[in-house]
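*Asks:* Just dropping this structure here.
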Amino acid sequence: PTEILIVGGGLAGSEAAFQLAERGHAVRLVEMKPHKRTPAQTGDGLAELVCSNSLRGAALGNAVGLLKEELRRAGSLILRCADLTAVPAGGALAVDRERFSAEVTRALSAHPRITIESREVTAIPAERPVILATGPLTTDALAADLERAVGAEHLAYYDAIAPILSADSLDWDKVWKQSRYGKGGEAESEGGDDAYVNCPFDEAQYRAFVRALVESEKVPARDFEEPRYFEGCLPCEVMAERGEMTLAFGPMKPVGLVDPRTDKRPYAVVQLRQEDEAGTAYNLVGFQTRMKYGEQLRVFRMIPGLEEAEFLRMGSVHRNTFVNAPEQLGPGMELLARPGVFLAGQISGVEGYVESAAGGLLCGLLLAQRQRGETLRPPPPTTALGGLLTHLTRKQPRYQPSNITWAHVAPLPLEDGQRKLRKRARYDAMAERALRDIDAWLATHP
Ligand code: FAD
């Protein structure tokens, strides 16, 4: 079969290379190290973990724990090397990063069908098929070429992420569903009158909230993350610093909204937008933030109705090159603008070590199906691997990278009565169903 070119030997590229080679394909893996490194890298090996050495929670009642177990069952190289080099970390899977990277490097270097080449790729290669897996710090020349391919509005160099909350942790006695002017909010296509949930502030609450945002502790930017925000997605604390009323005239403007409990327009509102079809999760519209995680919990729980909110994802802002996947990728993670070019890992808008490895595995398996001339059969949406694909394909008003969360996995059917289960029991039931479904899928997809 044709040789498959993969650019980037990080978590996604290494995993994709292994999966394709194991399925009989000759693979050329091009990694720029050791000639050049991204500003976050220090080592020379493949699959370098640039920051924490943790692959996060191990328990199956945790979405990333489930994703890891699915990867294990799917024969992931990254998970095998992580298990082999694990260090004690309580309920998490953490690894000895040097040994982990060395194991991945050894396995790929020794593979009879993999050739590793060391050079920087400065434009989308002409070879087909090619997988780009160059990660959040893709070098400038290649990123510029990718930007030419997809258009500047579909390639981001930063992500500014707002937190996501679980719907059943909101205080529904205080908040209410309504879109501004009874329409679908910012864009009518986003939904009907109940696409948004509103948290009402009186004047004293608003002023205290803005003060807390300004005074909160922020995560310091690294050298290569010098803030260059788009005006359209400024962190909320930056807006708060511009003036006490900036938020009240921006994302917190109350126009077009009436609190059904007072029949009045509130002084200000924070709006939450539905995150998934089933309405199990909501994001805080316009509240991308660089506050430290503990500060986010403290400050955002000052929002009326969010006093007990459970955070499914925290907000953050950092340097991150990624493509607007739901608009730019076809099935099988193929760039619509460049047929035969596939994206894997963080560059497609997944977030995290495990998710990037999973993106590489998915890209590899789907490309192998395609090379065999089969119609693509992705893993079912009831699984965490399928959920990751749901994230890459679900159209959203402002696509942002995401870790895997339960909101990506298809909810349990109502008729089971299982949605009424307590959250822990529900997640356990979803994990059990996912493992059953992934086993069945793997059995029919060699
Ligand atoms: P990478 O692992 O970055 O791999 C991309 C590879 O492509 C690199 O080896 C790079 O050298 C190579 N490359 C880049 N451009 C070119 C080119 N033009 N030609 C040839 N090769 C090229 N996630 C977590 O889960 N936990 C964390 O603690 C964490 N910390 C992070 C800290 C920082 C500073 C950053 C930037 C990200 C962090 N992430 C973290 C997010 C993410 O999970 C990792 O970046 C992850 O490594 C992404 O996997 P990837 O395979 O997509 O990209």
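The values are calculated or read from the model by the stated rules, or taken from the named source; none is laboratory data. Values in this document were obtained by computation on a predicted structure and should not be read as measured data. Don't worry about glycine lacking a Cβ; one is built from the backbone with ideal geometry, like all the others, and counts go over all protein chains shown.
*Asks:* Given the conditions (1) modelled with pLDDT under 95; (2) in a helix (DSSP H, G or I), which single one is not true for G61?
*Replies:* (2)
*Asks:* Hey, among the residues in region 42-51 that are within 7 Å of the ligand (Cβ to nearest atom) and free of Cβ contacts under 8 Å to residues at least 40 places away in the same chain, which one's nearest to S14 (Cα to Cα)?
*Replies:* Selected residue: V50.
*Asks:* Here is a list: E70, E98. Which entry is buried (at least 16 other Cβ atoms within 10 Å of the Cβ), more than 14 Å from the ligand (Cβ to nearest atom) and over 23 Å from L146 (Cα atoms)? Before the answer, list the steps.
*Replies:* Values: E98 fails: buried (at least 16 other Cβ atoms within 10 Å of the Cβ).
Going through E70, E98 in turn, just one is buried (at least 16 other Cβ atoms within 10 Å of the Cβ), more than 14 Å from the ligand (Cβ to nearest atom) and over 23 Å from L146 (Cα atoms): E70.
*Asks:* List pairs: first in region 136-149 and within 23 Å of N403 (Cβ to Cβ) and without any contact (Cβ under 8 Å) to a residue 24 or more places away in the chain, second near the ligand (Cβ under 6 Å from one of its atoms) and assigned to a helix (DSSP H, G or I), Cβ under 9 Å, 6+ apart or cross-chain?
*Replies:* Listed pairs, sorted by first residue: none to list.
*Asks:* Hey, does region 345-356 have a residue that's in a strand (DSSP E or B) and closer than 28 Å to H445 by Cβ? Quick ask: steps written out before the conclusion?
*Replies:* Of all residues in region 345-356, those in a strand (DSSP E or B) come to 350.
The next check asks that each one be closer than 28 Å to H445 by Cβ; those that pass are 350.
Yes - at least one qualifying residue is present in region 345-356.
*Asks:* Any chance you could count how many residues in region 202-219 are touching a Lys or Arg at 6+ places or on another chain (Cβ under 9 Å) and either outside any loop (DSSP other than H, G, I, E, B) or surrounded by fewer than 17 Cβ atoms within 10 Å (Cβ to Cβ) (or both)?
*Replies:* Here is the first cut: in region 202-219, the residues touching a Lys or Arg at 6+ places or on another chain (Cβ under 9 Å) are 212, 216-219.
Of the ones still in play, those that are also either outside any loop (DSSP other than H, G, I, E, B) or surrounded by fewer than 17 Cβ atoms within 10 Å (Cβ to Cβ) (or both) are 212, 217-219.
Counting residues in region 202-219 that are touching a Lys or Arg at 6+ places or on another chain (Cβ under 9 Å) and either outside any loop (DSSP other than H, G, I, E, B) or surrounded by fewer than 17 Cβ atoms within 10 Å (Cβ to Cβ) (or both) gives 4.
Residue-wise test of (1) in contact with a Pro (Cβ under 7 Å, 6 or more places away or on another chain); (2) within 11 Å of the ligand (Cβ to nearest atom); (3) modelled with pLDDT of 95 or more; (4) of a type in the set (D, E).
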| site | (1), (2), (3), (4) |
| --- | --- |
| T2 | no, no, no, no |
| L11 | no, yes, yes, no |
| F18 | no, no, yes, no |
| V27 | no, no, yes, no |
| V30 | no, yes, yes, no |
| K33 | no, yes, yes, no |
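*Asks:* While we're on this one: Which residue is surrounded by the fewest Cβ atoms within 10 Å (Cβ to Cβ), if the candidates are limited to region 300-344 and must be among the basic types (K, R) and out of contact with any strand residue (DSSP E or B) (no Cβ under 8 Å at 6 or more places or on another chain)? It would help to see each step written out before you state the result.
*Replies:* Taking region 300-344 as the starting set, the residues that turn out to be among the basic types (K, R) are 301, 313, 319, 338.
Remaining after also requiring out of contact with any strand residue (DSSP E or B) (no Cβ under 8 Å at 6 or more places or on another chain): 301, 338.
Details: R301: 13, R338: 17.
So the residue we want is R301.
*Asks:* For the structure I just gave you, tell me whether L297 is touching a strand residue (DSSP E or B) at 6+ places or on another chain (Cβ under 8 Å), among the aliphatic types (A, V, I, L, M) and part of a strand (DSSP E or B).
*Replies:* Numbers: touching a strand residue (DSSP E or B) at 6+ places or on another chain (Cβ under 8 Å): yes; among the aliphatic types (A, V, I, L, M): yes; part of a strand (DSSP E or B): no.
Here the answer is no, as L297 does not meet what is asked.
*Asks:* Go over the candidates L46, L55, L29 one by one and state the one that is among the hydrophobic types (A, V, I, L, M, F, W, C), surrounded by 22 or more Cβ atoms within 10 Å (Cβ to Cβ), touching a strand residue (DSSP E or B) at 6+ places or on another chain (Cβ under 7 Å) and part of a loop (DSSP other than H, G, I, E, B). So that I can check it myself, show each step before the final result.
*Replies:* Details: L55 fails: part of a loop (DSSP other than H, G, I, E, B); L29 fails: part of a loop (DSSP other than H, G, I, E, B).
Selected residue: L46, the only one of L46, L55, L29 that is among the hydrophobic types (A, V, I, L, M, F, W, C), surrounded by 22 or more Cβ atoms within 10 Å (Cβ to Cβ), touching a strand residue (DSSP E or B) at 6+ places or on another chain (Cβ under 7 Å) and part of a loop (DSSP other than H, G, I, E, B).
*Asks:* Working carefully through the options V285, V270, find the one that is crowded, with 18+ Cβ neighbours inside 10 Å, under 21 Å from A160 (Cα atoms) and over 21 Å from the mean Cα position of the chain (by Cα). Spell out how you get there, then give the answer.
*Replies:* Values: V285 fails: over 21 Å from the mean Cα position of the chain (by Cα).
After ruling out the rest, the residue left standing is V270.
*Asks:* Do you know which of the residues in region 314-336 that are in contact with a His (Cβ under 9 Å, 6 or more places away or on another chain) and not in a strand (DSSP E or B) is farthest from the ligand (Cβ to nearest atom)? Outline the logic, then answer.
*Replies:* Going through region 314-336, the residues in contact with a His (Cβ under 9 Å, 6 or more places away or on another chain) turn out to be 323-328.
Next cut, not in a strand (DSSP E or B) only: 324-328.
Values: N324: 16, A325: 13, P326: 18, E327: 19, Q328: 16 Å.
So, considering only residues that are in contact with a His (Cβ under 9 Å, 6 or more places away or on another chain) and not in a strand (DSSP E or B), the one farthest from the ligand (Cβ to nearest atom) is E327.
*Asks:* OK, next. Name the one entry in T122, T105, T134 that is in a loop (DSSP other than H, G, I, E, B), of a type in the set (S, T, Y) and either away from the ligand (no atom under 15 Å from the Cβ) or surrounded by 21 or more Cβ atoms within 10 Å (Cβ to Cβ) (or both). Give the steps one after another, and end with the answer.
*Replies:* Details: T122 fails: either away from the ligand (no atom under 15 Å from the Cβ) or surrounded by 21 or more Cβ atoms within 10 Å (Cβ to Cβ) (or both); T105 fails: in a loop (DSSP other than H, G, I, E, B).
Result of the check over T122, T105, T134: T134.
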